[in-house]
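J.: Okay, here's the structure, questions in a sec.
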Amino acid sequence: KPMARHIAKANARKSMIRSKVEHVFAGLKDRMGLFVRTIGLDRATTKIGLANIAYNMRRLIWLDTRNAPA
């Protein structure tokens with residue numbers, strides 16, 4: 001049974017947002033090796049926070065080199 005047009009349109013809109021978010025998680029997990037295996041919520045929060053800072057710094061460097069004047 002074919003999907004209704006309004007449902008297909010909503011799925012396309014959701015998948016655009018979902019793919020942008022999933023790329024961030026993939027970058028943290030695969031490229032940066034984020035695997036949280038700590039004892040305690042504070043240590044896990046700190047590890048994730050440091051990984052987020054490193055990811056954002058890497059992203060800033062990439063954006064600066066991409067938009068640099070020639």
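The values are calculated or read from the model by the stated rules, or taken from the named source; none is laboratory data. This structure is a prediction, so every number in the text was calculated from the model and none was measured. Neighbour counts are summed over all protein chains in view; Cβ atoms, including those assigned to glycine, are modelled from backbone coordinates with ideal geometry. Quick note on the areas: whole protein, heavy atoms, side chains included, nothing else; ligands and nucleic acids left out. Shrake-Rupley method; radii C 1.70, N 1.55, O 1.52, S 1.80 Å.
J.: Which condition number does PRO2 fail, the rest of (1) in a helix (DSSP H, G or I); (2) loosely packed, with under 11 Cβ neighbours inside 10 Å; (3) not β-branched (Val, Ile, Thr) being met?
T.: If we test PRO2 against (1) in a helix (DSSP H, G or I); (2) loosely packed, with under 11 Cβ neighbours inside 10 Å; (3) not β-branched (Val, Ile, Thr), just (1) comes out false.
J.: Then there is this: If only one of LEU41, LEU34 is surrounded by 10 or more Cβ atoms within 10 Å (Cβ to Cβ) and not charged (D, E, K, R), which one is it?
T.: Values: LEU41 fails: surrounded by 10 or more Cβ atoms within 10 Å (Cβ to Cβ).
Exactly one residue qualifies, and that residue is LEU34.
J.: Okay, moving on. Using the structure shown, decide if ALA68 is modelled with pLDDT of 85 or more, open to solvent by less than 100 Å² (accessible area, probe 1.4 Å) and hydrophobic (A, V, I, L, M, F, W, C). Reasoning before the result, please.
T.: Numbers: modelled with pLDDT of 85 or more: no; open to solvent by less than 100 Å² (accessible area, probe 1.4 Å): yes; hydrophobic (A, V, I, L, M, F, W, C): yes.
The answer is no for ALA68.
J.: Do you know which residues across the range 27-51 are modelled with pLDDT of 90 or more and of a type outside the set (A, V, I, L, M, F, W, C)?
T.: Of everything in the range 27-51, those that are modelled with pLDDT of 90 or more and of a type outside the set (A, V, I, L, M, F, W, C) turn out to be GLY40, ASP42, ARG43, THR45, THR46, GLY49.
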